[in-house]
Amino acid sequence: MASVTAADVGDAGGPPGGAGAGRPPNGGRRAVSDEFDVVVVGAGPAGAAAALTARRAGASVLLLDRADFPRDKACGDGIAAHSVDVLAELGVTEAVAGYAPLPALRMVSPGGQAVARALPRPAYTVPREVFDARLVAAAVAAGAQLRRHNVRRVQPRADRVVLDGELSGRVVVGADGAGSVVRRALGHEVNPDRHLALAIRGYAPALPGPPEQLIVTSKARWPAYAWSFPIGDGRANVGYGEVLRGEPLSRAYLLDRLAALLPGTDLSTVTALRAHHLPLSTHRPAPGRDRTLLAGDALSLINPFTGEGIFYALLSGALAGAAAARTPEAAARRYAVGLRRRLGTHLRHSSVAAWLARRRRVVDAAVRAARRDDRVFDDVVELGLGDGRLTARTLGMIGIELTGGDRPPKG
């Protein structure tokens with residue numbers, strides 16, 4: 001895909017004569033009068049979704065990122081079916097085009113139990129270099145202005161939020177990731193240990209066999225797992241991550257664990273290795289204050305059970321963009337209500353699941369139950385990759401496995 005940069009886009013995307021339509025004639029520093037209805041900081045999935053939704057509501061939108069696109073982003077690259085649903089609602093139908101669907105998931109528990117079943121709906125593996133650039137291009141096509149800008153200072157005011165003394169929005173959406181500047185401006189520190197994970201990812205030749213998502217959990221360092229997600233071009237996104245517990249984790253250590261859990265992967269063939277933090281949803285700050293909102297990783301919206309974050313990013317970004325465009329004076333309140341209505345029950349259930357899953361024997365029992373019963377498998381997938389619940393049936397089946405149940409497999 002062709003590179004999309006601020007220079008390419010210029011100011012052509014804004015409404016004619018609308019807020020922020022002009023640039024200073026001498027290329028100097030912009031005055032605070034460079035105003036927009038909504039300014040989105042960070043152009044990943046959460047930011048692009050916020051920009052798209054706000055534009056569909058008629059707002060003038062400035063989308064900022066410190067990088068030009070396309071750019072790489074450390075991630076597992078997994079795009080679950082629920083993410084595709086949100087994209088369709090945003091009118092983005094080509095985000096996974098050209099990438100083969102992954103029909104199955106194989107999971108190995110800490111005790112070596114394994115389950116391999118068809119996913120309720122296929123998933124995809126799309127490198128973030130491609131995926132994010134497609135979303136940014138969609139936001140620009142919808143009329144959002146894109147600029148390369150590294151935000152350093154956030155100043156909330158009564159009727160606007162000013163960024164670096166140059167730019168202002170009636171609402172600012174912080175979608176700037178785990179190290180969010182906007183989050184810090186609201187007084188929220190990074191997640192503490194046990195609510196923050198560290199992972200390393202790279203690209204390697206895909207493992208032989210039918211295409212499937214592979215997750216291998218670690219007995220020695222639980223909660224932790226390695227993954228291999230085939231892309232469809234002969235490569236797979238491979239990686240290893242674990243929850244931080246007060247001790248530093250070196251690159252060498254992370255790679256050793258990757259090699260131990262994925263013995264079919266030769267580390268000498270792994271390229272583009274990058275590490276990244278994952279702020280887990282078990283320690284979320286308030287979603288916003290007044291005219292400043294947080295979305296995606298900046299809001300610690302990472303599934304604590306699986307580490308999945310793209311679905312949360314897209315959904316929270318869309319909700320933030322809608323709240324910002326429609327009621328700027330009450331954006332934080334409206335956004336909090338929307339998040340609670342759409343994700344509140346799920347987030348409570350995923351936190352309970354993560355608490356239960358701290359015990360390796362519970363994870364072993366869950367994998368055995370999923371192997372016996374297809375509805376349990378589907379429940380686990382929906383909980384980990386979408387907005388599912390921890391159902392009574394699944395809890396009951398896990399309980400039976402914990403007590404040595406001997407029911408025959410179903411499904």
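Tell me, yes or no, whether the range 354-361 has at least one residue that is open to solvent by less than 10 Å² (accessible area, probe 1.4 Å), assigned to a helix (DSSP H, G or I) and either over 16 Å from Ile215 (Cα atoms) or not hydroxyl-bearing (Ser, Thr, Tyr) (or both).
No, the range 354-361 has no match at all.
Out of Leu64, Leu87, I need the residue that is more than 27 Å from Arg235 (Cβ to Cβ), touching a residue at least 12 places away in the same chain (Cβ under 8 Å) and under 19 Å from the mean Cα position of the chain (by Cα). Which one?
Leu64
Got a sec? Which of Arg170, Arg251, Arg235 is among the basic types (Lys, Arg), more than 30 Å from Val38 (Cβ to Cβ), touching a strand residue (DSSP E or B) at 6+ places or on another chain (Cβ under 6 Å) and at pLDDT 95 or above?
From the options Arg170, Arg251, Arg235, the qualifying one is Arg235.
Can you pull out every residue in the range 113-136 that is modelled with pLDDT of 95 or more, open to solvent by 30 Å² or more (accessible area, probe 1.4 Å) and over 18 Å from Phe311 (Cα atoms)?
Ala114, Ala116, Arg117, Ala118
Output the number of residues of the range 162-179 satisfying the condition of being among the hydroxyl-bearing types (Ser, Thr, Tyr) and either more than 21 Å from Ala325 (Cβ to Cβ) or open to solvent by 30 Å² or more (accessible area, probe 1.4 Å) (or both).
Looking only at that region, the number is 0.
Scan the range 204-237 for residues that are more than 24 Å from Gln113 (Cβ to Cβ), open to solvent by less than 20 Å² (accessible area, probe 1.4 Å) and either among the hydroxyl-bearing types (Ser, Thr, Tyr) or not in a strand (DSSP E or B) (or both) and jot them down.
Scanning the range 204-237 gives a single hit, Ile231.
Against the definition (crowded, with 24+ Cβ neighbours inside 10 Å, part of a loop (DSSP other than H, G, I, E, B) and among the hydrophobic types (A, V, I, L, M, F, W, C)), how does Leu293 come out, yes or no?
no
For Glu129, which of the numbered conditions (1) in a loop (DSSP other than H, G, I, E, B); (2) acidic (Asp, Glu); (3) touching an Asp or Glu at 6+ places or on another chain (Cβ under 9 Å) fails to hold?
Checking Glu129 against (1) in a loop (DSSP other than H, G, I, E, B); (2) acidic (Asp, Glu); (3) touching an Asp or Glu at 6+ places or on another chain (Cβ under 9 Å), the one that fails is (1).
Go through (1) open to solvent by less than 20 Å² (accessible area, probe 1.4 Å); (2) assigned to a helix (DSSP H, G or I); (3) closer than 16 Å to Ala141 by Cβ one by one and return the number of the condition Ala95 breaks.
It fails just one condition, (2).
Please enumerate the residues belonging to the range 238-274 that are open to solvent by less than 20 Å² (accessible area, probe 1.4 Å), in a strand (DSSP E or B) and aliphatic (A, V, I, L, M).
Val238
Just one of (1) in contact (Cβ under 8 Å) with a residue 12 or more places away in the chain; (2) closer than 30 Å to Ala50 by Cα; (3) not in a loop (DSSP other than H, G, I, E, B) trips up Arg333, so point out which.
Checking Arg333 against (1) in contact (Cβ under 8 Å) with a residue 12 or more places away in the chain; (2) closer than 30 Å to Ala50 by Cα; (3) not in a loop (DSSP other than H, G, I, E, B), the one that fails is (1).
Checking the condition surrounded by fewer than 23 Cβ atoms within 10 Å (Cβ to Cβ) and touching a His at 6+ places or on another chain (Cβ under 7 Å), which residue from Thr327, Thr282 passes?
Answer to the selection: Thr282.
In the range 56-85, how many residues are open to solvent by 10 Å² or more (accessible area, probe 1.4 Å), assigned to a helix (DSSP H, G or I) and touching a helix residue (DSSP H, G or I) at 6+ places or on another chain (Cβ under 7 Å)?
Total meeting the criteria: 1.
Quick one: which residue in Arg201, Arg170, Arg183 is within 19 Å of the chain's Cα centre (by Cα) and assigned to a strand (DSSP E or B)?
It is Arg201.
Which residues, counting only those in the range 180-202, are closer than 21 Å to Ile215 by Cα and buried (at least 19 other Cβ atoms within 10 Å of the Cβ)?
Answer for the range 180-202, where residues must be closer than 21 Å to Ile215 by Cα and buried (at least 19 other Cβ atoms within 10 Å of the Cβ): His195, Leu196, Ala197, Ala199, Ile200, Arg201, Gly202.
Can you spot a residue in the range 30-37 that is surrounded by 17 or more Cβ atoms within 10 Å (Cβ to Cβ), within 26 Å of Leu87 (Cβ to Cβ) and modelled with pLDDT of 95 or more?
Checked the range 30-37: at least one residue is surrounded by 17 or more Cβ atoms within 10 Å (Cβ to Cβ), within 26 Å of Leu87 (Cβ to Cβ) and modelled with pLDDT of 95 or more.
The values are calculated or read from the model by the stated rules, or taken from the named source; none is laboratory data. Since we're looking at a predicted model, the values are computed, not measured. Cβ sites come from the backbone with ideal geometry, for glycine too, and all protein chains shown count toward neighbours. SASA here: full protein model, heavy atoms, side chains in, ligands and nucleic acids out. Shrake-Rupley method; radii C 1.70, N 1.55, O 1.52, S 1.80 Å.
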